[in-house]
Amino acid sequence: MEPVLDLAGVGFGPSNLALAIAVEEHAVGVRARFFERQARFGWHRGMLLEDATTQVSFLKDLVTLRNPTSSYSFLCYLRDRGRLIDFVNHKNLFPLRKEFHDYFEWAAEQVSHHVSYGAEVSRVRADGDGFVFSAGGETVRARNLVLATGLEANLPDGVEAGERIWHNKDLLTRVDGLEDPRQVVVVGAGQSAAEAVAFFHERFPAAEVHGVFARYGYSPADDSSFANRIFDPAAVDDFYGAPEEVKQRLMGYHANTNYGVVDGDLIEELYRRVYREKVVGRQRLLLHNTSRLVEVGADGKCVIESLADGGRVPVDADVIVFATGYRPADPVRVLGELAEHCERDELGRLKITRDYRVVTGGAVRGGIYLQGGTEHTHGITSSLLSNTAVRVGEILGSILRRVRQQQVGPQLQAVKG
């Protein structure tokens with residue numbers, strides 16, 4: 001069996017990719033490996049629409065807020081791709097989503113020696129001061145685990161994905177099999193829903209596209225300068241130390257910076273299309289506000305019901321796309337029975353220290369760190385790109401301190417002996 005790892009990362013999305021880069025830059029001598037069940041790096045591939053942009057500044061890439069001189073920055077990527085001057089002339093803080101994904105792939109390739117793809121972690125158990133687990137057919141020992149297992153697609157109760165019912169995460173991977181649809185329904189009021197509505201309306205010029213949402217209209221994201229301070233690294237300290245009541249208020253006050261909101265430019269574009277169709281007398285972009293979808297069948301037949309007056313519109317849809325977001329997966333589910341040793345608060349939520357480490361019982365002496373699943377303790381940036389670079393620096397710093405303590409302990413024992 002190969003020597004014990006100081007750090008084993010479970011999952012290799014943007015968060016653990018940023019951690020792998022931090023290890024490469026600052027942790028000489030630290031043994032680290034990352035295990036990803038996918039065959040290659042991928043990040044929301046199903047929504048990499050050609051004209052969709054990120055909702056985060058390129059300066060909040062994998063490294064810059066932690067190390068502005070890093071050679072893994074988005075600007076270094078642009079220089080390598082020969083587009084640095086073109087991007088500067090573009091005068092834009094928000095790259096295309098496809099471009100940012102290409103940046104992630106570029107960075108992932110540079111640290112690929114740290115990663116095992118096609119390796120799903122299972123059978124985790126405590127082992128002395130760390131853990132032992134199976135991954136990709138091998139047995140691995142590690143002192144610390146960093147779990148970045150992501151989110152799960154959310155579908156309404158009673159709805160199951162199928163040939164005609166999709167979650168928006170599968171949009172681009174399945175749309176090529178859709179031939180000349182007559183009716184398309186998109187459920188949801190957030191950015192992904194609005195993007196899907198615009199995409200179908202443009203791609204299939206003969207189709208009627210129905211947008212269904214409970215609100216009166218799409219709501220713009222609050223990206224004003226003061227509101228954006230909720231994504232600052234310092235806001236994590238404020239949130240972590242605040243009473244539970246204040247945490248709930250902060251999440252309520254600033255939910256419109258991230259959840260269920262749409263870029264203003266996209267809202268205006270959709271309104272422009274609706275108005276244009278009213279003028280020309282052929283309306284096929286149909287936005288059903290204050291409405292919900294009921295009687296959803298696997299064959300695509302459904303009913304759009306008005307919440308205001310109860311009016312019902314039957315639709316025989318070729319495809320129904322639920323852009324209904326994601327739900328947080330239990331981040332310690334991968335631990336199996338070992339998860340029972342992770343302590344929880346009175347609401348059943350994991351107890352997390354400021355350095356993103358799960359509080360565990362005495363039977364677990366290794367460190368378990370989370371990237372995601374900490375919104376209740378660390379605030380809105382728990383699983384967002386905005387604070388990734390800073391967060392991985394804090395996690396790595398904590399792990400390095402633990403490694404040094406583990407190394408010093410035996411030395412002190414030897415001196416006492």
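The values are calculated or read from the model by the stated rules, or taken from the named source; none is laboratory data. Computed from a predicted structure; not experimentally measured. Because the Cβ atoms are built from the backbone with ideal geometry, glycine has one as well, and the counts that use them run over all protein chains shown. We work out accessible area using only protein heavy atoms, side chains counted, and drop any ligands, DNA or RNA first. Shrake-Rupley method; radii C 1.70, N 1.55, O 1.52, S 1.80 Å.
Residues checked against (1) open to solvent by 10 Å² or more (accessible area, probe 1.4 Å); (2) under 25 Å from Asp127 (Cβ atoms); (3) part of a strand (DSSP E or B):
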{"site": "Ile368", "(1), (2), (3)": "no, yes, yes"}
{"site": "Ser382", "(1), (2), (3)": "no, no, no"}
{"site": "Asn387", "(1), (2), (3)": "no, no, no"}
{"site": "Ile395", "(1), (2), (3)": "no, yes, no"}
{"site": "Ile399", "(1), (2), (3)": "no, yes, no"}
{"site": "Arg402", "(1), (2), (3)": "yes, yes, no"}
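Contact map, the stretch 20-41: residues that are in contact (Cβ under 8 Å) with a residue 12 or more places away in the chain paired with residues that are open to solvent by less than 10 Å² (accessible area, probe 1.4 Å) and aromatic (Phe, Trp, Tyr), Cβ distance under 7 Å, separation 6+ or inter-chain. Pairs shown: Ala20/Phe34; Phe34/Phe12; Glu36/Phe12; Phe41/Phe12; Phe41/Phe104.
Under the condition of being free of Cβ contacts under 8 Å to residues at least 60 places away in the same chain and assigned to a helix (DSSP H, G or I), the residues counted in the stretch 272-300 number 8. Restricting the stretch 15-48 to residues that are small (Gly, Ala, Ser) and surrounded by fewer than 17 Cβ atoms within 10 Å (Cβ to Cβ), which is modelled with the lowest pLDDT? Ranking the candidates gives Gly29 first.
When the test is whether a residue is among the acidic types (Asp, Glu), in contact (Cβ under 8 Å) with a residue 40 or more places away in the chain, under 28 Å from Thr173 (Cβ atoms) and crowded, with 20+ Cβ neighbours inside 10 Å, Asp51 does not pass it. Against the conditions (1) over 16 Å from the mean Cα position of the chain (by Cα); (2) closer than 30 Å to Gly137 by Cβ; (3) in a helix (DSSP H, G or I), where does Arg40 fall short? Just the number, please. Every listed condition holds for Arg40 apart from (3). Of the residues His113, His101, the single one that is under 27 Å from Gly393 (Cβ atoms) and in contact with a His (Cβ under 9 Å, 6 or more places away or on another chain) is His101. Being closer than 22 Å to Arg125 by Cβ, open to solvent by 30 Å² or more (accessible area, probe 1.4 Å), touching a residue at least 40 places away in the same chain (Cβ under 8 Å) and within 23 Å of the chain's Cα centre (by Cα) is the requirement here; does Arg327 meet it? No. Would you confirm whether or not the stretch 148-157 contains a residue that is modelled with pLDDT under 95 and of a type in the set (D, E, K, R)? There is at least one residue in the stretch 148-157 that is modelled with pLDDT under 95 and of a type in the set (D, E, K, R). Checking each residue in the stretch 356-366 for being farther than 19 Å from Ala234 by Cβ, in contact with a helix residue (DSSP H, G or I) (Cβ under 6 Å, 6 or more places away or on another chain) and part of a loop (DSSP other than H, G, I, E, B) picks out Gly361, Ala363, Val364.
Results for (1) closer than 18 Å to Phe41 by Cα; (2) touching a residue at least 24 places away in the same chain (Cβ under 8 Å), shown as yes or no for each residue.
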position	(1), (2)
Arg66	no, yes
Phe74	yes, yes
Tyr77	yes, yes
Leu84	no, no
Val88	no, no
Phe104	yes, yes
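Here Phe12 clears all of (1) buried (at least 18 other Cβ atoms within 10 Å of the Cβ); (2) at pLDDT below 95; (3) assigned to a loop (DSSP other than H, G, I, E, B); (4) not acidic (Asp, Glu) except the condition numbered (2). Looking only at residues in the stretch 346-358 that are in contact with a strand residue (DSSP E or B) (Cβ under 7 Å, 6 or more places away or on another chain) and aliphatic (A, V, I, L, M), the one that is surrounded by the fewest Cβ atoms within 10 Å (Cβ to Cβ) is Leu350.
Just checking, does the stretch 97-113 include any residue being within 30 Å of Ala194 (Cα to Cα) and in a loop (DSSP other than H, G, I, E, B)? No: zero hits. Looking only at the stretch 237-249, decide whether some residue is assigned to a helix (DSSP H, G or I), under 30 Å from Glu208 (Cβ atoms) and open to solvent by 30 Å² or more (accessible area, probe 1.4 Å). Within the stretch 237-249, not a single residue is assigned to a helix (DSSP H, G or I), under 30 Å from Glu208 (Cβ atoms) and open to solvent by 30 Å² or more (accessible area, probe 1.4 Å). Within the stretch 301-311, the residues that satisfy the criterion of being open to solvent by 40 Å² or more (accessible area, probe 1.4 Å) and touching a residue at least 12 places away in the same chain (Cβ under 8 Å) are Lys301, Leu307, Ala308. Pairing each residue of the stretch 390-402 that is more than 14 Å from His378 (Cα to Cα) with any residue that is modelled with pLDDT of 95 or more and part of a helix (DSSP H, G or I), provided the two are 6+ apart or on different chains, yields C-beta distances under 7 Å for Gly393/Ala22; Leu396/Leu19; Leu396/Ala22; Leu396/Val23.
Residue check: Ala119 meets all listed conditions (1) open to solvent by 40 Å² or more (accessible area, probe 1.4 Å); (2) under 26 Å from the mean Cα position of the chain (by Cα); (3) touching a residue at least 12 places away in the same chain (Cβ under 8 Å) but one, namely (1).
For every residue, the table says whether it meets (1) out of contact with any Asp or Glu (no Cβ under 7 Å at 6 or more places or on another chain); (2) at pLDDT 95 or above; (3) among the hydroxyl-bearing types (Ser, Thr, Tyr).
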position	(1), (2), (3)
Thr353	yes, yes, yes
Ala363	yes, no, no
Leu370	yes, yes, no
Gly373	yes, no, no
Ser382	no, no, yes
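Does Tyr216 satisfy the criteria of being loosely packed, with under 15 Cβ neighbours inside 10 Å, farther than 21 Å from Thr54 by Cα and aromatic (Phe, Trp, Tyr)? Judged against the criteria, Tyr216 is a match.
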